[in-house]
Structures are given as C-alpha cells and as structure tokens.
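The values are calculated or read from the model by the stated rules, or taken from the named source; none is laboratory data. Since the structure is predicted, the reported quantities are computational estimates derived from the model, not experimental observations. Backbone-built Cβ (ideal geometry, glycine too); neighbour counts: all protein chains shown. All accessible areas refer to the heavy atoms of the entire protein, side chains included, with ligands and DNA or RNA removed. Shrake-Rupley method; radii C 1.70, N 1.55, O 1.52, S 1.80 Å.
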Amino acid sequence: MVAVVADAEVTRDGAVLTITLNRPDVLNALNRAVHDAIHDGLEQAKDPSVRAVVITGAGRGFCVGQDLQEFSSGEGDVADNLRSNYHRNVLAIRALEKPVIAAVNGPAAGAGMSLAFACDVRIASDSASFVPAFINIGLVPDSGGTWLARRLLGTARAFEWLTTGRRLSADEARSLGLVSEVVPADEFPDRITEVAQLFAAMPTRAVWQTKRLLDAAESTTFGEQLELEAATQAELTRTNDFREGVAAFLEKRQAAFTGRDVERRHAVWMRNTDNRVRWRLTTLVRLPLALPHLLVLDAWSYLAVIVGVVNWFVTLVRGTTPRQVHEWLARYVRYSAHVNAYLYLLADPYPRFRGWEGTYPVDVHIDPPARQPRWKTFLRLPLALPAFAFAYVLSVVLVVVAVLSWFVALAVGRVPRGFQDLGAYCLRYQVQTYAYLLLLTDRYPSLASGSGFQFEEG
C-alpha cells in the first residue's frame, strides 16, 4: 500500500510502515508540508497491525533540516514553528509504542540529524554523514538535538561536536555510537528491510516498554527504576506474547509473537507511571503553582465546547469525527487529565501546556476516530447525563483524597498507593466521560476498576 501525503510517501509492507521524506531536489529539507506528512505517517503507525516504523529519505539525502527558503521568508515565530512542527514529531516518535528505525541513506544535518537521533535505531549507508549545522548559522541545536546528542555521546563529546559543526562520516558516527551499523549503499535497502522485519516479528509490547523504561531512566533514581521495571514486568506477564515466549522456550521452537497488547475494554485508557514521591515544597504550594494551567484549561474548555457543538453536526452527517478535530479534542482531554493529575497530587512533575501524549506520568491514550452510530451521536448529551452525575460524585471523592494526600505528602514526602489508585480511578472515569461527550468514542465510561488502565506503578 502506498499513500502520497504532501511531500512524504507513506508505505506499508506487512507489519512495517515506512515514511519516506520526498523532496530529493533539496535533500529532503523540512517545511510545513513535510512536517504534516511525517505527523500523518506517525498517526497511521499507531494502527495495531503496524509493528515497526522506518523513516528515510528519497534520493541521495536523508534530511538536511529546515528549508532555509521558508525560514528566510519569515513565516511565523521561530519558537512557535518549533513547538507546533518539530516538537510534535520528535515527541510522537518517542511516544510511539513500537520501534522506529532511522534509515540514514545520505546526509543528515541540523534538524534532520535530530530527527534521526530521536529514532530508536539508526542504520547508516556508507554514503551518509552527520552535520550539526546549527552553529554555522549562529544557532543552537533544536528538535531535541542537545538532549539526544548528550544522551548518545556524553556531555563533553556532545559539546565539542555541536559547537564546532564538524562533519562526521558514517564510519566515524558508528565508532562514536551514533549509529549501530554502516551498510554499503547498494545493499542498504535490503538490509533496512531485513532489520525492520526483524523488529516487526519481536514482541511489540516488550519492545515498547523497553523503550519507555530507557527514556524514564534519564530522570529516575535507581530505586524508582526498579519499581518501574517491576510494575512493567507484571503488566507484560498478562500478554499473549509472554505466554507464547515461555511455551516456545519449553517446546524448543521459534516463538511466533503477535505484538498484541493486553486486552482492553475501552477506547480511552489511562497510563500511570508515577512513582508516588512528592517534593514537599511544591506540594505545599500546589494550588498557586497550578493556577496558570487552570486558566489555560478554562479558556481551552470554552473553545472545546464550541468545537464540540460543531463536531456534533459534522459527525451526525459523516458518521465519524474528522481526524484533525479528533486530535485537537483528544489533546484537550489529555491536557485536562495532566492538569488535574498535578493539581490533585496524582503526579509531581509540572505539566506542559500542549496536551501531547507521552509527556506526563499520568497520561491518557485515545484511540483514533472510528465510525459511530448516528442515533448515539444524536442522543449523546442525554445519554451522557448519568455519567456526568457519577463523575460529579467522583470529583468530590477526588478532592477528599487529594486533601488527605496533601497532608500525608507533607509529612512523609510520598502519596500512599491506595490514595493514588482511588484518585486515578476517579480521574480516569472523568476523562472517559469527557471523551464520550465530545464524540471521541461511542464507548460509555466504564465503572470497572481495571477498564481503562494500562498499569499502576509504585
């Protein structure tokens, strides 16, 4: 299957999805159309039948970063451009629950280099090169380049390289650990196919959780990482791939993994990776710290009501919510969850203002848009009223739990697991209620304590 979207080509070969940047005449320089195409490809990659993703470039280049013609035209604020285009894609790569392989077929420079570094595996053609070109025009690395280069090289080597702008050949990049393999150009496509198929045949959930744990290790203590590993291990023992792996080992045969997740009963579910440790100072002043987010959330809520009403008419006619509207409303619901998790002491890090998935310990996953029965859409508000009544009761419970958690956290610097689990249950039900009302799903909010949770950690 091939889908040409703007300036990138999205193709499927079985369980492998490939995103090919398709501006070979400018070495696949990035503009808004390419960013949108990458984003669309990463959205398609969320399909459960996709088990590995490849990002590469058409022609003789991988990606040489920002198209300076667009940059020089002064289109918008630079920081806003980074946040709305670059950040969403590198964050989406890190949050994608399957392996992403950068097939670096030629020069990777500037943000193109950062794009490759954001991937989980990098394989380079012998014609590839890596150039941190930012310093040559008086800029600093962006798209996570400083964080990713430091992670791969260490601070000293990353500083020397990024501030000199020195070009690295593929072999030099391999010797420094930036790529795992260098392949002759004429053998490169076949090798990429081989590696992608290898990852696609792996137990996808275990691959994703390994990726998530390695990212978490950047900011956790050793003890916290042990807890994350224990909770994740318990979660994975519930998968079919675990049972298949054990059976294959005992029967001395090759395992046939399917990559399927633990069966879930709802399209909207919550991921909880919080370690329950609380900093006493931010606990003491939690409400004033949360005020900026509460103001943003209030304004966003008014907009969400307007968009939700318009979307009701559209969905009633089309039978499904448009993808862009679905994504925007999903970000609103997710941002609401992040803010409330922070306010009610279900998590400790200060939330971001964007509502992107994979950026907060208490997170929300919402499945892509699907067709909904029109009668359910037409009657959505009256159907949602009982759920809203129960969500209100749970909101009172959540406030009581938060007050108790506040006193305990001030005393011992930690929230009891029972308090957090009850608070997370209340929040999860509220999130599913909002998602149901806003037509993000036609599944009614679930009362079952296990429905809508990936795992609870701590």
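Annotations for the structure displayed:
- Cα extents for segment 394-447 along the principal axes, largest to smallest and rounded to whole angstrom: 43, 17, 15.
- Volume per residue that the Cα convex hull of segment 234-366 spans, once the total is divided by residue count, Å³: 139
- For Val54, residues with placed amide H under 5 Å, excluding near neighbours: Leu17, Thr18, Ile19, Ile101
- Residues Met202, Met113, ordered by accessible area of protein heavy atoms at a 1.4 angstrom probe radius and largest first, appear as Met202, Met113.
- Helix 204-216 vs. the chain, principal-axis angle (Cα, 0 to 90°, nearest 10): 90
- Lys/Arg +1, Asp/Glu -1 at C-beta; the chain dipole; positive extreme among Ala247, Pro184, Leu379: Leu379
- Within the chain, DSSP assigns beta bridges of which about 45% are antiparallel (rounded to the nearest 5).
- Taking amide H positions as modeled 1.01 Å from N, with prolines and chain starts lacking one, the residues under 5 Å from Ala370 and 5 or more places away or on another chain are Thr321.
- Dipole axis of segment 232-316 (+1 Lys, Arg; -1 Asp, Glu on Cβ), positive-most option in Leu291, Val277, Gly259: Val277
- This model, with +1 at the C-beta of Lys and Arg and -1 at the C-beta of Asp and Glu, gives segment 1-156 a dipole about its Cα centre of some 540 debye.
- Size of segment 93-218 as Cα extents on the principal axes (Å, biggest first): 43, 37, 21
- Residues of segment 25-60 with amide N under 16 Å of the 7 Å Cα→Cβ point at Thr258: 48-51
- For trypsin sites (Lys or Arg not before Pro), the sites in segment 177-259 that DSSP calls loop and that have at most 12 other Cβ atoms within 10 Å are Lys252, Arg253.
- Segment 63-158: GluC sites (Glu not before Pro) in DSSP loop, at most 14 other beta carbons within 10 Å: Glu75
- For the residues Lys46, Lys98, Lys376, a 1.4 Å probe over the protein chains yields an accessible-area ranking, largest first, of Lys46, Lys376, Lys98.
- Contour minus Cα-Cα distance for Leu281 and Leu410 (0.36 nm per residue): 45.6 nm
- Rounded to the nearest 20 debye, dipole of the chain from Cβ charges on Lys, Arg, Asp, Glu: 1300
- Segment 163-310, accessible area per residue, ligands and nucleic acids excluded (1.4 Å, Å²): 57
- Bridging of Lys376 to aspartates and glutamates at a Cα separation below 20 Å is possible for Asp367, Asp442, once same-chain residues fewer than 8 apart are set aside.
- Accessible surface of segment 283-335, 1.4 Å probe, proportion on carbon and sulfur as whole %: 78
- Measuring max minus min along each principal axis, the C-alpha atoms of segment 141-209 give extents of 40, 34, 20 Å (largest first).
- Using alpha-carbon coordinates, inclination of helix 323-343 to the longest axis of the chain, degrees: 60
- Taking the protein heavy atoms of segment 179-236 in the context of the full set of protein chains, the accessible area attributed to carbon and sulfur is 62 percent at 1.4 Å.
- Accessible area (Å², 1.4 Å probe, nearest 10) - Trp406: 70
- The local environment of Leu437, defined by Cβ-Cβ distances under 14 Å, has a net charge of +2 under the rule Lys, Arg +1 and Asp, Glu -1.
- Solvent-accessible area per residue in segment 90-151 equals 27 Å², computed with a 1.4 angstrom probe and all protein chains kept.
- Exposure of Thr146 as accessible area (Å², to 10), given a probe of 1.4 Å and all protein chains: 80
- Rounded to the nearest 20 debye, the dipole magnitude of segment 331-456 is 380 debye, with +1 charges on Lys and Arg beta carbons, -1 on Asp and Glu beta carbons, and the Cα centre as origin.
- Helix 240-251 and the longest principal axis of the C-alpha atoms of the chain enclose an angle of approximately 60°.
- Amide hydrogen neighbours beyond the local backbone of Val364, cut-off 5 Å, H modeled: Arg271, Gly358
- Computed with the Debye formula from one identical point scatterer per Cα of segment 331-437, without solvent, the log10 of I(q)/I(0) at q = 0.10, 0.12, 0.15, 0.22 Å⁻¹ comes to -0.33, -0.46, -0.68, -1.18.
- Taking all protein chains together, Leu250, Leu404 sort by accessible area into Leu250, Leu404, largest first [probe 1.4 Å].
- Summed residue charge, Cβ within 11 Å of Val183's Cβ, Lys/Arg positive, Asp/Glu negative: -4
- Two-site label geometry, Leu379 and Leu447: point separation in nm, points 7 Å out along Cα→Cβ: 1.9
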